[in-house]
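The values are calculated or read from the model by the stated rules, or taken from the named source; none is laboratory data. Being a predicted model, the structure only gives us computed values, none of them experimental. Note that each Cβ is placed from the backbone with ideal geometry, even for glycine, and that neighbours are counted across all protein chains shown.
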Amino acid sequence: MSFVKELKKEKYFFIGSPALIWQILFFYLPLALMLASSLWEVSEAGSVTGITLKNFYKVLTKTHLFVILKSLLLSFFTAVLAFCIAYPLAHFIIFHAKKYKSLMLFFLIVPFWTNFLLHVYAWFFVLEKQGFLNNTLLTFGFIQEPIGFLNSLFAIILMMVYCYFPFMVLPIVSSLERFDNRLLEASHDLGASRIQTLTKITLPLTMPAIRAGFFLVFIPSFGEFIIPELMGGDKRYFVGNVVSQYILGNDTETIGSAFMVISALVLILSSFIIYRFFNRWSGQEAS
Amino acid sequence: MRSIVLDKIKKSYKQNLTLENVSLTIPSGGFFALLGPSGCGKTTLLRLIAGFETLDSGAIYLGNTDITDLPVNERKINIVFQNYALFPHLTVFDNVAYSLSVKGVEKDEIETRVKKLLLAFHLEKHIFCYPSELSGGQQQRVALARAIIDEPEVLLLDEPLAALDFKLREKMLVELIELQDKLKTTFIYVTHDQFEALTVADSMAIMNHEGNIEQIGTPEEIYEFPVSSFVAKFVGTTNLLGGKLEHNETGSVIHIKDLGIFKVHISDKKSWMCDGCTVSMSLRPEKIFISKKEEKGFSNGVKGIVKQIVYYGRSTQYHVLINNKVTLQVFEQNEVHFPQEEIDYEDEVYLYWQKENVVLLEE
């Protein structure tokens with residue numbers, strides 16, 4: 001009897017255990033391995049011979065730090081730009097689209113039912129020299145010569161914003177959808193203009209969603225390497241590209257690990273600072 | 001303070017429900033109640049006055065100014081919502097200060113005004129609380145304070161007490177009356193609760209299911225002299241009986257099928273009160289005297305059998321069956337601990353009423 005009781009008490013542990021095992025096997029273990037290998041000294045034969053900080057010395061160069069800084073800026077601006085597009089759009093869809101609301105939400109999501117690489121290639125056709133964008137601009141006489149949009153920072157940022165957009169827009173949409181319209185009416189009724197209502201009521205109350213969206217974009221886009229690789233030619237290096245180069249290179253896994261550890265630390269630190277900034281900006285949290 | 005005038009307002013709301021041609025003058029500086037059944041359009045009317053909805057046709061005036069197309073935030077009309085709609089991320093202080101701060105009033109002035117008002121509303125201990133930390137009654141007071149701090153010309157109240165329990169509601173009603181007395185702001189109070197409306201209002205309007213205004217008057221006029229059977233039934237409880245009117249040299253009588261012939265008093269003769277016309281008669285239950293003994297001095301009387309007794313505390317309701325056909329409701333005040341006669345089920349009783357206490361209504 002007591003055994004059954006014990007089991008009942010622990011049932012939540014048992015229910016949760018597959019997730020926990022998954023988490024340990026595929027998240028904590030690789031993380032620990034990465035941390036460990038960043039400290040390994042590897043002989044030419046490929047066996048671990050000792051522990052060293054040499055990998056970190058090799059990583060801490062001006063170029064590497066510049067790459068980390070560039071990635072930080074890229075992911076930060078990706079998140080900011082995604083927000084600047086997502087918020088007005090979500091606001092429009094929820095409050096003004098009326099009967100077209102579901103349709104517009106549907107069209108917002110549809111592109112992301114296709115493969116990620118397909119989006120990127122689709123944009124090739126838009127951006128290339130004989131592509132849609134250049135042709136349109138030429139036809140209307142805005143430009144005389146085709147512009148090389150591809151292989152530029154512009155193309156990278158465009159693609160980053162495009163690909164990470166849903167992670168920003170969906171939390172905001174769901175938070176605006178739950179928004180109590182009467183609060184907006186109350187604000188207008190008390191004499192506030194539309195802008196005042198937006199800054200004093202809507203934005204602060206949707207701040208948790210904005211923050212969630214911001215980090216959902218900011219953190220993964222920091223390590224993004226496919227988009228810079230495809231859209232930026234081979235000249236533009238970001239954290240993801242450097243990591244993939246070291247990990248795939250000969251005998252450089254340990255340096256790659258050290259680089260990952262450092263960039264992860266930078267990311268955690270900057271996220272923490274931004275988080276604090278969000279909290280201060282939105283004032284005290286609504287309980 | 002200026003009055004609110006609704007001029008031939010038309011507005012469709014929900015499916016196939018419309019306010020058609022509503023005209024209404026709400027006097028300035030008074031406590032006006034708009035009473036009607038659920039879904040009759042009274043909230044829509046309030047939202048039109050506030051400016052949340054636009055009219056299909058007609059006009060709204062504040063005094064002599066046409067405010068039909070004035071945006072919500074430029075109308076000196078504030079509303080207290082049914083669910084209060086307090087800003088959950090702002091403290092009590094910031095909620096109340098909202099209308100002043102969006103207008104750009106100086107910080108010091110805001111602080112003195114808000115603190116003074118919160119003191120008057122007994123909220124000084126909760127200045128830095130968030131709405132979720134307050135009780136229903138406190139939230140209600142914050143919503144009120146927030147709506148009146150900017151001294152609007154008209155305050156709209158949309159069933160503001162619906163969420164409170166009975167005791168608190170009675171208390172808040174008295175507070176509202178006192179507040180209106182002090183501010184002299186025009187209050188427009190929307191409710192489906194006749195008790196609340198009768199309690200607070202200086203004057204009131206009754207809306208029917210179709211969104212038409214049936215009667216406008218003081219609570220006494222509405223209760224004692226309803227102009228239609230809808231008003232008579234909706235405000236208070238009444239016995240509504242149909243019959244045929246007959247005028248003779250001694251006065252007027254009404255023939256009611258299965259009940260008998262009763263004297264009625266006609267002070268203001270209308271065209272539909274003709275000889276032989278079919279009319280309705282409204283007789284309030286508390287205007288009937290019930291007794292087991294025969295009494296003298298009443299213009300009308302009838303004999304029946306008690307079928308149901310409902311004890312309400314301050315009064316008792318009897319359902320008396322007459323001639324095995326018609327049931328009349330009677331209220332009797334429970335004035336003493338030990339009544340002289342105990343009325344019980346199946347007792348034979350006499351019901352009496354004076355002809356002046358009967359209201360005749362158009363069929």
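Reported count of residues in the range A:115-153, each being of a type in the set (S, T, N, Q) and loosely packed, with under 15 Cβ neighbours inside 10 Å, is 6. Within 14 Å of chain A (Cβ to nearest Cβ), in contact with a helix residue (DSSP H, G or I) (Cβ under 9 Å, 6 or more places away or on another chain) and buried (at least 20 other Cβ atoms within 10 Å of the Cβ): is that true of B:N78 in this structure? When the stated conditions are applied, B:N78 passes them. In the range A:148-233, counting only helices (runs of 4 or more DSSP H) that sit wholly within it, the ones holding 1 or more residues that are over 21 Å from A:Y121 (Cβ atoms) and more than 13 Å from chain B (Cβ to nearest Cβ) span A:153-177, A:203-222.
Cβ-Cβ distances below 8 Å connect the following pairs, each with a first residue in the range B:267-289 that is touching a residue at least 12 places away in the same chain (Cβ under 8 Å) and assigned by TED's automatic domain parsing to the domain that holds B:Q308, a second residue that is of a type in the set (G, A, S) and part of a loop (DSSP other than H, G, I, E, B), and a separation of six or more residues or different chains: B:R284/B:G236. Of the numbered criteria (1) over 29 Å from B:R169 (Cα atoms); (2) buried (at least 19 other Cβ atoms within 10 Å of the Cβ); (3) at pLDDT 95 or above, the one B:L62 fails is (3). Taking (1) touching a Gly at 6+ places or on another chain (Cβ under 8 Å); (2) touching a residue at least 24 places away in the same chain (Cβ under 8 Å) in turn, A:L117 satisfies each apart from (1).
Looking across the range B:207-235, not a single residue is at pLDDT below 90 and either closer than 17 Å to B:V359 by Cβ or in contact with a Phe, Trp or Tyr (Cβ under 7 Å, 6 or more places away or on another chain) (or both). Evaluation of A:F272 against the conditions (1) over 30 Å from A:F125 (Cα atoms); (2) crowded, with 16+ Cβ neighbours inside 10 Å; (3) modelled with pLDDT of 85 or more shows that the sole unmet condition is (2).
State yes or no: is B:S12 more than 10 Å from chain A (Cβ to nearest Cβ) and modelled with pLDDT of 90 or more? Criteria not met by B:S12.
Just checking, does the range A:204-215 include any residue being touching a strand residue (DSSP E or B) at 6+ places or on another chain (Cβ under 6 Å) and modelled with pLDDT of 90 or more?
Looking for residues that are touching a strand residue (DSSP E or B) at 6+ places or on another chain (Cβ under 6 Å) and modelled with pLDDT of 90 or more, one finds none in the range A:204-215, hence no.
Out of B:G41, B:G36, B:G29, one residue alone is touching a helix residue (DSSP H, G or I) at 6+ places or on another chain (Cβ under 8 Å) and at pLDDT below 95. It is B:G36.
For the range B:99-121, state whether one or more residues are within 14 Å of another protein chain (Cβ to nearest Cβ), at pLDDT below 95, touching a strand residue (DSSP E or B) at 6+ places or on another chain (Cβ under 7 Å) and within 24 Å of A:R194 (Cβ to Cβ). No.
Can you pull out the residues in the range A:234-249 that are assigned to a helix (DSSP H, G or I), in contact (Cβ under 8 Å) with a residue 12 or more places away in the chain and more than 19 Å from the chain's Cα centre (by Cα)? Passing the criteria: only A:Y246. Among the residues making up the range A:196-241, those that are farther than 23 Å from A:P171 by Cβ and aliphatic (A, V, I, L, M) are A:I226, A:L230, A:M231, A:V239.
Restricting the range A:48-79 to residues that are surrounded by 18 or more Cβ atoms within 10 Å (Cβ to Cβ) and either among the hydroxyl-bearing types (S, T, Y) or touching a strand residue (DSSP E or B) at 6+ places or on another chain (Cβ under 8 Å) (or both), which is farthest from A:R211 (Cα to Cα)? Among those that are surrounded by 18 or more Cβ atoms within 10 Å (Cβ to Cβ) and either among the hydroxyl-bearing types (S, T, Y) or touching a strand residue (DSSP E or B) at 6+ places or on another chain (Cβ under 8 Å) (or both), it is A:N55.
Among the residues of the range B:313-343, the ones that are over 28 Å from B:H255 (Cβ atoms) and surrounded by fewer than 10 Cβ atoms within 10 Å (Cβ to Cβ) come to 9 in all.
Among residues belonging to the range B:83-128 that are polar (S, T, N, Q) and part of a helix (DSSP H, G or I), point out the one that is nearest to A:T202 (Cα to Cα). Checking each candidate, the answer is B:N95. When residues in the range B:160-201 are screened for being of a type outside the set (A, V, I, L, M, F, W, C) and either part of a strand (DSSP E or B) or outside the structural domain of B:P219 (by TED's automatic domain parsing) (or both), 3 of them pass.
Just wondering, is there one or more residues in the range B:128-137 that are within 24 Å of B:M1 (Cβ to Cβ), in the same structural domain as B:P88 (by TED's automatic domain parsing) and surrounded by 18 or more Cβ atoms within 10 Å (Cβ to Cβ)? Checked the range B:128-137: no residue is within 24 Å of B:M1 (Cβ to Cβ), in the same structural domain as B:P88 (by TED's automatic domain parsing) and surrounded by 18 or more Cβ atoms within 10 Å (Cβ to Cβ).
Just one of the listed residues (B:I254, B:I222, B:I216) is more than 26 Å from the chain's Cα centre (by Cα) and either of a type in the set (A, V, I, L, M) or assigned by TED's automatic domain parsing to the domain that holds B:N21 (or both), and it is B:I254. Across the range A:159-169, the number of residues qualifying as free of Cβ contacts under 8 Å to residues at least 60 places away in the same chain and out of contact with any helix residue (DSSP H, G or I) (no Cβ under 6 Å at 6 or more places or on another chain) comes to 1. Scanning the range B:129-147 for residues that are assigned to a helix (DSSP H, G or I), more than 11 Å from chain A (Cβ to nearest Cβ) and in contact (Cβ under 8 Å) with a residue 40 or more places away in the chain yields a count of 5. Looking at the range A:271-286, can you tell me whether even one residue there is at positive phi and within 14 Å of chain B (Cβ to nearest Cβ)? Yes.
Looking only at residues of the range B:32-75 that are outside any helix (DSSP H, G or I) and acidic (D, E), we find that the one that is farthest from the other protein chains (Cβ to nearest Cβ) is B:D66.
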